[in-house]
Structure formats: C-alpha cells, structure tokens
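A.B. asks: Below you will find the structure I want to go over with you.
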Amino acid sequence: MAGINRRRLLFGATLLSAFGLSTVASVADTEIYDAKTRKWVKYDRATARKMFARNGQPPEAFRMQMVKFRTAEKPGTIIIDGNQHFLYLVQPGHQAIRYGIGVGREGFGWAGIVRVGRTAEWPTWTPPAEMVARDPNAAKWAGGQPGGPDNPLGARALYLYEGDRDTIYRIHGTPEPWTIGLDVSSGCIRMNNDDIVDLHSRINVGAKVIVLMQGAALYKGV
C-alpha cells in the first residue's frame, strides 16, 4: 500500500456517484503511508515539508499517473476530487491521468461545474480585492505580479469560467510544490509546475471542469 493516501472516515454515498464515478470520497484527516517507517502518518503541513525535503517530490500518491477510471463524462473532461486531493483528466478506455493537487483551506472550498475559459503560460497574478484587503503580502501586488518562478500561479494557469464570466478560480502551478495534497489555497486548485505544464498541453479551452468536495459551498450559478 506504499504511496496510497486514505481518509480515516468514509461515507458510503458521495457527490461522486452523481457523475457515475467509481471513486469513494470522504471527509477527515488525510493519511499517507510512509514506506520508510512502514506506518500510516497524518499528512499535514509539517509532514508534507518533511517528506518533500527528504524526497524532493510529493508522496507517490500525489504524482502524475494513469489510473482506471469509469465515468460517463467524455475524454478531455477534468474531474476534481477535492477531498482526496486528486485531479483526473478523463481519457478513452475507462482511464484517466491523475494528478495530485492542493485545494481550498477551511472556509474556501467550493463545488460546481465550470469550464476552462482561457489559459496562460507564466501568468500574471492579480489578487482579488478581498484578498488585497485581508492580506498585506497580496496588497503589494494589487496591480499584478509578473509571471515567474516566484509567482503564486506558477508556470501555467487554466482560468475557470461560468458561462462567459470569470469565476476568479484557477487551476494553476505553484512555487511551493510541497503543498500538494493539502488544504492550502483561497479556493484555487494548485498543482506542481511539471504537472500543470503537462495538463496545459493536453487540455482545450472550453473543457468541462467538475469540482467535487463534500461540505463545500456550491458555486453560485451552478
């Protein structure tokens, strides 16, 4: 079971079933199997930093891999399981490419159906007004932070739209790859830079994005 993540509490019925998915979601603390100690350990910020420092990459469960995946959604659809910290890019033949992700911290999670409205390479980050108001570090970039290795959006960004309106949520890279697998963002979906570059190369503007997360706010308009 090395490299597999799990949750302590499982629920028999989940939002995933509404989309014909075989994955079971849950709500509780994430645990990671540590092959070195041969024990399940709570996967929190401290553990994530320690494992990343030791291995130079996230745990195996959060690395890009092809998995079996049954869904009625067509290839090219993105399905996000926020509880398990996985993003699936649906492929033909009941398969998907699975990537590890970081998701919204407590109070910032959301669920809904949106689409990729546009994409960008090394995007400029412009924090929303509410973030500028509450975060002094964001305030200095109120006019926009140019793209680069220290930019919070990382190497690529997929901008999520509801109809023709920007939701302000993104799927993007990060200069903090150790945070993959954690609840850390203000609602955006973050990936390590290598993974978002790969996803960006495969996705089309207009692609359907399904975001599932138990206990999250349903996105307005969905």
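A.B. asks: Mean 1/r over all different Cα pairs, inverted: what Kirkwood radius does segment 41-93 give, in Å?
C.D. replies: About 13.0 Å for segment 41-93.
A.B. asks: Let me ask you something else. Could you let me know the centre-to-centre spacing of segment 107-172 and segment 66-86, using Cα atoms, in angstrom?
C.D. replies: If you average the Cα positions of each part, the centres end up 23 Å apart.
A.B. asks: Compute the orientation-averaged projected area for segment 84-146 from the convex hull of its Cα atoms and round it to one decimal in nm².
C.D. replies: 6.5
A.B. asks: How big is the Rg/Rh ratio for segment 170-211, C-alpha atoms only, Rh by Kirkwood, two decimals?
C.D. replies: Rg/Rh: 0.97.
A.B. asks: Output wanted: per-residue J couplings in Hz (rounded whole) for segment 63-68, from phi through Karplus 6.51 cos²θ - 1.76 cosθ + 1.60, θ = phi - 60°, x for Gly and Pro.
C.D. replies: Per residue, the Karplus-derived 3J(HN,Hα) values read 9, 4, 7, 8, 9, 6 Hz.
A.B. asks: Using only alpha carbons, build the gyration tensor for segment 67-180 and give me the equivalent ellipsoid semi-axes, biggest first, whole Å.
C.D. replies: Each semi-axis is the square root of five times an eigenvalue, giving 27, 15, 14 Å.
A.B. asks: Okay, next question. Hey, what D do you get for segment 5-218 in µm²/s if you plug the Kirkwood alpha-carbon radius into Stokes-Einstein at 10 °C and 1.306 mPa s?
C.D. replies: 90
Read the figures in this text as sums done on the coordinates, not as results from a lab. Bear in mind that the values here come from a model prediction, so they are computed numbers and not experimental data.
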